[in-house]
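I have placed the structure first, in the form of structure tokens, so that the comments after it can refer back to it.
Throughout, read-outs are computed from the coordinates displayed, never taken from laboratory work. Since we're looking at a predicted model, the values are computed, not measured. Cβ: placed from backbone, ideal geometry, glycine included. Neighbour counts: every protein chain shown.
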Amino acid sequence: MRKLIPGLVVVAAAVAFSLWAYPHLPAQVATHFNVHGAPNGWSSRLAAAVVMPAIGLGLAAVFLILPRIDPRGANYAKFGPTYWTIANAVLILVSGIHVATLGTALGWPIDLMRLATFGVGGILVLLGNLMTRIRPNWFVGIRTPWTLSSDTVWRKTHRFGGVAFVIAGLCVVAAALVGSRWALYGALGATAAAAAGSVVYSYVVWRGEQDTGPQSNG
């Protein structure tokens, strides 16, 4: 639990902010926005104040449970700092978007789409930088039938994916700074390419391993 303290503190702060903001929120709060930043989905005041903090608490519970139920749970000890860094970053991002969403409803001058895009890009850059430290497991990282069947394929795929996701994340950050919908489309394309490319690469490496003989199995 103590390893999640930074993220839980931020989630608690988001809950406190919700309690403060609730009486001041309009009856309907914009909670979904299109690529232009225009609202296209609304929630009740109660849902807007409660749902995202609840999601944050739910994610915290999931992050705490995963190492205990993973068949390869022993590997978490080998990349524990990386795992908890990712977990805390996700909780902070969710809480930040929640506060910004309520702030927008309160009339704060926030470009919510740009802020959320920047946050997602930052998470992708962080994940890419940490990817080579992730050890084989069933829940975190690039999990394909081929990476899960071979530690060698896992290692090589995460080295490739680390570079790919850093590039994709930088594209997303750049799109947030530019503020153009076309830049955002391009960044989304780069992210999809990083994910798809990593999957394809894992198969190619696995296929090559089969042709030359297995080296290290899960």
With the structure loaded, tell me whether I142 is farther than 23 Å from R72 by Cβ, among the aliphatic types (A, V, I, L, M) and under 21 Å from the mean Cα position of the chain (by Cα) or whether it fails that test.
no
List the number of the failed condition for V29; all other conditions in (1) touching a residue at least 24 places away in the same chain (Cβ under 8 Å); (2) part of a helix (DSSP H, G or I) hold.
(2)
Those residues of the range 65-114 which are outside any helix (DSSP H, G or I) and closer than 30 Å to Q28 by Cα, in sequence order:
L106, G107, W108, P109, I110, D111
Counting only residues in the range 152-198 that are under 18 Å from L130 (Cβ atoms) and charged (D, E, K, R), the one surrounded by the most Cβ atoms within 10 Å (Cβ to Cβ) is identified as K156
Any chance you could count how many residues in the range 133-143 are surrounded by fewer than 18 Cβ atoms within 10 Å (Cβ to Cβ) and without any contact (Cβ under 8 Å) to a residue 60 or more places away in the chain?
2
If I ask for residues that are over 18 Å from H158 (Cβ atoms) and surrounded by 14 or more Cβ atoms within 10 Å (Cβ to Cβ), which ones from the range 68-83 would you list?
G73
Out of the range 101-111, which residues are surrounded by 19 or more Cβ atoms within 10 Å (Cβ to Cβ) and either over 21 Å from the mean Cα position of the chain (by Cα) or not polar (S, T, N, Q) (or both)?
L102, T104, A105
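Can you find a residue in the range 133-141 that is assigned to a helix (DSSP H, G or I) and of a type outside the set (D, E)?
So in the range 133-141, the residues assigned to a helix (DSSP H, G or I) come out as 133.
After this cut, where a residue has to be of a type outside the set (D, E) as well, the list is 133.
Yes.
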